[in-house]
Amino acid sequence: MADPAPLVLVVDDTPINCTVAGMLLGRLGCRIAAAGSGEAAIEAIQSQPIDLVLMDCEMPGMDGYQATQRIRQLLPAGRRLPIISLSGYDGDDERRRCREAGMDDHLVKPLLLAVLREKLERWLGAGRTHDVSAIPAGEADAILDPAALANFERMRPGSPATLLGVYIKDLGVVERDLAQAVADGDLAAVGRLTHKLKGSSLTVGARALASAMRELGQLARSGSLLPCRAGWQHAQTVLAQTRAAIGTCIAAAAP
């Protein structure tokens, strides 16, 4: 009797990231469970036979590092559960921090099908995923990258409009919180929110907005408020362009 499809837990507080990870994992023949927080991840692992975890590092409350440490403490001595970090960073310091927290491997957002498959094969064993090919790279300078949307369409017909609908709802919330953080001069919150929006924007192919969020985050980390507020004015223009492009895309997909 063949082994059941591996059950992969996706831990991420951003709905669009969970949705896309689920699509990719489904393409690779995996079953998917999802958790929106570190606390929910621990509950899922205690109640389900999870085979592997994809763990977002930066989440409110219990973050991915803390959740991983707690999971390692709770698991029986004989059970080794692979935990792979999901992060927008790929430096040596980030990888070291993940290892010290107890994670086994590292993935950088946005997820790529071929890279994800390689990690799954490494930690679950050869032959546990379907034989698929890599997704071709998109066009980095587009406001809304048509190649990224075409990739989603190939994975599941009709999915780009659904994904963009999820993304635009989250975009409104993050934009509101970001505007408030800039107005309050809360540079730490600006840095956290720009990192979150950069990741989800890269996931759906909104590369111009991802670039604007990267630049705004760098200004916030510099510790100077005036340049950060100037950067926010530019980001608002890109936000409006992105929202308009998504509206056009969704309207074009409507029956």
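The values are calculated or read from the model by the stated rules, or taken from the named source; none is laboratory data. Just so it is clear, the structure is predicted and the values come from calculations on it, not from any experiment. Cβ coordinates were reconstructed from backbone atoms using ideal geometry, including for glycine residues, and neighbour counts include every protein chain displayed.
Would you tally the residues in region 14-53 being under 18 Å from GLY64 (Cβ atoms), touching a Ser or Thr at 6+ places or on another chain (Cβ under 6 Å) and in a loop (DSSP other than H, G, I, E, B)? So the answer is 1. On inspection, THR68 passes the criterion of being over 16 Å from the mean Cα position of the chain (by Cα), within 26 Å of THR194 (Cα to Cα), of a type in the set (Val, Ile, Thr) and part of a helix (DSSP H, G or I).
Going by the conditions given, is ALA189 more than 27 Å from MET155 (Cβ to Cβ), part of a helix (DSSP H, G or I) and either out of contact with any Phe, Trp or Tyr (no Cβ under 6 Å at 6 or more places or on another chain) or not aliphatic (A, V, I, L, M) (or both)?
Judged against the criteria, ALA189 is a match.
Output the residues belonging to region 204-229 that are crowded, with 23+ Cβ neighbours inside 10 Å and either under 16 Å from GLN241 (Cβ atoms) or hydroxyl-bearing (Ser, Thr, Tyr) (or both). Selection gives VAL204, GLY205, ALA206, LEU209, ALA210, ALA212, MET213, LEU216. The single condition from (1) aliphatic (A, V, I, L, M); (2) in contact with a Ser or Thr (Cβ under 7 Å, 6 or more places away or on another chain); (3) modelled with pLDDT of 85 or more that VAL115 fails is (2).
Of the residues LEU120, LEU107, the single one that is assigned to a helix (DSSP H, G or I) and either buried (at least 18 other Cβ atoms within 10 Å of the Cβ) or under 16 Å from the mean Cα position of the chain (by Cα) (or both) is LEU120.
Among the criteria (1) part of a helix (DSSP H, G or I); (2) at pLDDT 85 or above, the one GLY223 does not fulfil is (1).
Exactly one residue out of ILE84, ILE16 is within 19 Å of the chain's Cα centre (by Cα) and either aromatic (Phe, Trp, Tyr) or modelled with pLDDT of 95 or more (or both), and it is ILE84.
Against the condition surrounded by fewer than 17 Cβ atoms within 10 Å (Cβ to Cβ) and closer than 25 Å to LEU112 by Cβ, how does GLY172 come out, does it pass? It is false that GLY172 is surrounded by fewer than 17 Cβ atoms within 10 Å (Cβ to Cβ) and closer than 25 Å to LEU112 by Cβ. Within region 70-93, which residues are buried (at least 16 other Cβ atoms within 10 Å of the Cβ) and not small (Gly, Ala, Ser)? Across region 70-93, the qualifying residues are ARG70, ILE71, LEU81, PRO82, ILE83, ILE84, LEU86, TYR89.
Within region 92-104, how many residues turn out to be of a type in the set (Gly, Ala, Ser) and assigned to a loop (DSSP other than H, G, I, E, B)? Write out each step before concluding.
Residues of region 92-104 that are of a type in the set (Gly, Ala, Ser), as a first pass: 101-102.
Now drop any that are not assigned to a loop (DSSP other than H, G, I, E, B), which leaves 102.
Of the residues in that region, 1 qualify.
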